[in-house]
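What follows is one structure encoded as structure tokens, with my remarks underneath.
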Amino acid sequence: MMRPFSMHLDFKTGELLPHDRTNIRKLSDMRGMFLDTDAELRILEKEDPIIYSFSERVLPEENGHLQLATTKISPGKVGDEYFMTKGHYHRRPDTSEVYLGLEGKGCLLIQTEKGDLESIDMGPGILAYIPPYWGHRMVNTGSTPFIFFAVYPGDAGHNYGDIERTGFAKILVERNGKPLLIDNPKWKRG
Ligand code: M6P
Ligand code: ZN
């Protein structure tokens, strides 16, 4: 039987101590996921920016356990589309998740496979509950790193599937200096 434990979560930096691994997602790991592929190429000719990183404590991928992670999304855009996580459904689709905003300004996109989409503005202290069956992607709509904490069932797993090809039904772009949610022309109903 696992022994109880505690960790330290720095609310300003999102650092979770101790953690077992940090995963880094660069623009080259997300090819084709932003709408403006010409803008993506122009950036990649010069550099390969870190879009986001997330640190996890490795816990059993079993029913009854929980997974804990903090994610930091860099500020920035590809064309006029804000940096974001890949987004995913759960491999076990009947599992939920909690996202808690810690620092910066962001937006959560949540959608069903049929494309019923909702958005929730995120910031420090905003807690979002993602019910079973809803895919989820976080977007940094601010000019500083956007940091959030996540907790989800141990055996939820990740299903990127169609999201890697067609994305979400809507995308977040900057218009007149402000975020605007628009239809994603590439999206196809699952
Ligand atoms: C959060 C959690 C993780 C997820 C990570 C990055 O920390 O939801 O499960 O892996 O964000 O998001 P994604 O897997 O969509 O790239
Ligand atoms: Zn999830």
Could you count how many residues in region 56-76 are small (G, A, S), open to solvent by 20 Å² or more (accessible area, probe 1.4 Å) and farther than 30 Å from G177 by Cα?
-> 1
Selection from region 80-118 of residues in a strand (DSSP E or B) and either closer than 18 Å to R189 by Cα or of a type in the set (F, W, Y) (or both) yields Y82, H88, Y89, Y99, L109, I110, Q111, L117, E118
Any hit, region 7-18, residues being in contact with a Ser or Thr (Cβ under 6 Å, 6 or more places away or on another chain) and either more than 21 Å from H65 (Cα to Cα) or touching a residue at least 12 places away in the same chain (Cβ under 8 Å) (or both) | yes
Subset of region 153-181 [surrounded by 14 or more Cβ atoms within 10 Å (Cβ to Cβ) and assigned to a loop (DSSP other than H, G, I, E, B)] | G154, D155, A156, G157, Y160, G167, F168, A169
Mind checking which residues of region 16-44 are touching a strand residue (DSSP E or B) at 6+ places or on another chain (Cβ under 7 Å) and either open to solvent by 70 Å² or more (accessible area, probe 1.4 Å) or part of a strand (DSSP E or B) (or both)?
-> L16, L17, D20, R21, T22, N23, I24, R25, K26
Just for region 120-132: of the residues that are part of a loop (DSSP other than H, G, I, E, B) and away from ligand 2 (no atom under 12 Å from the Cβ), which one is farthest from E103 (Cα to Cα)?
-> I126
Can you name every residue in region 89-103 that is closer than 24 Å to P145 by Cβ and open to solvent by 20 Å² or more (accessible area, probe 1.4 Å)?
-> V98, L100, E103
Restricting region 133-142 to residues that are more than 11 Å from ligand 2 (Cβ to nearest atom) and either more than 26 Å from V173 (Cβ to Cβ) or part of a loop (DSSP other than H, G, I, E, B) (or both), the one most open to solvent (accessible area, probe 1.4 Å) turns out to be Y133
Can you pull out the residues in region 41-69 that are under 18 Å from V151 (Cβ atoms) and of a type in the set (K, R)?
-> R57
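The values are calculated or read from the model by the stated rules, or taken from the named source; none is laboratory data. From a predicted model like this one, the values you see are computed outputs, not experimental measurements. All Cβ positions, even for glycine, are placed from backbone atoms using ideal geometry, and neighbour counts span all protein chains on display. Please note that ligands, DNA and RNA were not included when accessible areas were found on the heavy atoms of the full protein model with its side chains. Shrake-Rupley method; radii C 1.70, N 1.55, O 1.52, S 1.80 Å.
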